[in-house]
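Values in this text are rule-based calculations from the coordinates and carry no lab data. Note that this is a predicted model, so its numbers are computed, not measured. Using ideal geometry, Cβ is built from the backbone for each residue, glycine included, and neighbour counts are taken over all protein chains shown.
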Amino acid sequence: MRNYIKREVRNVLELEVAKEFGKYLLRMKEKNQNFFFELKLEDDQSIKLAFWADARSRAACEYFGYVISFDTTYNTNRYNLVFGSFVRVNHYSQSTLLGCALMKNEDIQSFKWLFEYWLPCMGGNTLINVHRCKGLSRLVCPQ
């Protein structure tokens, strides 16, 4: 019984976080029309996929965006979501964050969804380094 109650409380908290996260993204868009986001929810309204990039990141991608690294090595255990970051090194050898993603699964469909929004958001003229990501390598370089 205790495990059931803990699971239900965690599910309610997860749904509240998803709702607040969606509100936050909308507020950011209201503040700056160049802020970009897409959010895909599960049937139970928890986060399945999210992608966002602010205006500064979009401008940096335009300026430095020849080759982008996408990394999904961070896993948020509390909400069972994988955090992905799009990064580019600028001409001062500094890492520049270009966009962020949250994914429930690292499967081909999730990556496909993500890049369907990433590419047009950033102008569609970037190469992406996928050497450490097996799921993404299968999508970009099918065998």
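At a glance:
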{"item": "Formal net charge of residues neighbouring Asn90 (Cβ-Cβ distance under 15 Å; K, R +1; D, E -1)", "result": "+2"}
{"item": "Residues whose placed amide H lies under 5 Å from that of Ile68, excluding near-sequence neighbours", "result": "Leu127, Ile128, Asn129"}
{"item": "Protection-proxy order for peptides 98-104, 82-88, 20-26, each taking the mean of Cβ atoms within 10 Å per residue, highest first", "result": "98-104, 82-88, 20-26"}
{"item": "Shape call, the stretch 25-95: gyration tensor on alpha carbons, a/c limit 1.5", "result": "oblate"}
{"item": "Neighbourhood charge, 13 Å Cβ-Cβ cut-off, centred on Glu116 and excluding it, Lys, Arg +1 and Asp, Glu -1", "result": "+1"}
{"item": "The stretch 35-43 - phi-based ³J(HN,Hα) in whole Hz, Karplus 6.51/-1.76/1.60, Gly and Pro as x", "result": "6, 10, 8, 9, 9, 10, 9, 6, 4"}
